[in-house]
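Q: Could you have a look at this structure, given as C-alpha cells, before my questions?
The values are calculated or read from the model by the stated rules, or taken from the named source; none is laboratory data. As the structure is a computational prediction, the values presented were derived from the model and not from experiment. All Cβ positions, glycine included, derive from the backbone under ideal geometry; neighbour counts span all protein chains shown.
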Amino acid sequence: MIGKGFSISLNGKQRNALAELFNEFRIFQPEVDAMAVADLFYCRLQKPLIVRNARLLCYIMDYMSQQLMIANIWQTIAEENRCFVSVKGKPITRNILSSAKYCAVKFDTIQNKDIIRQYIDIVKGLH
C-alpha cells in the first residue's frame, strides 16, 4: 500500500503527539505509535488501520486539512492507499469518510472538539 502521501512533513515530536491524540480518543484499534502515524501519513502502511470511530477520525483529519497540515483531498488519498478498515474489516472508502465528516461537522456530533482543535494547533507548532 505504498503510494501518494498526504503531503505532510512530520518530525518525531509531531508523530508522537498525533499518536497520543489518536490513542486518547480511541480512534484506532489497537492503539498506534509514532511509527504507525508516520506510515499512515506517508502511505507506507503494510495493512490498513482499524478505525473505531470514523466520525472522530474525519473531524481530526478535516481540521488538519483546514490548518494546511495535510492535503485537502485526504479522503481520496486514504481510499486509494487503503489506509482504513472498519472494525468488521470492511474497507473505509472515500464516500464513507465523506459521510462521516459531514455528520461530524454538520450535526456537531463531536464532543471535546475544542480540545482536539487545540491539540492539533499545538502539534502544528511543534518543531
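Q: Can you name the residue in the stretch 56-92 that is at negative phi and basic (Lys, Arg) and is also surrounded by the most Cβ atoms within 10 Å (Cβ to Cβ) among such residues?
A: Step one: of the stretch 56-92, the residues at negative phi are 56-67, 69-81, 83-88, 90-92.
Narrowing further to those that are basic (Lys, Arg): 88, 90.
Values: 88: 6, 90: 10.
The selected residue is 90.
Q: Follow-up question, since we're still on this one. All but one of (1) surrounded by 17 or more Cβ atoms within 10 Å (Cβ to Cβ); (2) closer than 19 Å to residue 120 by Cα; (3) among the β-branched types (Val, Ile, Thr); (4) over 13 Å from the mean Cα position of the chain (by Cα) hold for residue 32; state the number of the condition that does not hold.
A: In the conditions (1) surrounded by 17 or more Cβ atoms within 10 Å (Cβ to Cβ); (2) closer than 19 Å to residue 120 by Cα; (3) among the β-branched types (Val, Ile, Thr); (4) over 13 Å from the mean Cα position of the chain (by Cα), residue 32 misses (4) alone.
Okay, residues lined up against (1) touching a helix residue (DSSP H, G or I) at 6+ places or on another chain (Cβ under 8 Å); (2) in contact (Cβ under 8 Å) with a residue 40 or more places away in the chain; (3) among the β-branched types (Val, Ile, Thr); (4) in a helix (DSSP H, G or I):
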| site | (1), (2), (3), (4) |
| --- | --- |
| 10 | yes, no, no, no |
| 21 | yes, yes, no, yes |
| 45 | yes, yes, no, no |
| 57 | yes, yes, no, yes |
| 68 | no, no, no, no |
| 72 | yes, no, no, no |
| 79 | yes, no, no, yes |
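Q: Let me ask something else. If you take the residues of the stretch 93-122 that are buried (at least 18 other Cβ atoms within 10 Å of the Cβ) and not aliphatic (A, V, I, L, M), which of them is modelled with the highest pLDDT?
A: My answer is 119.
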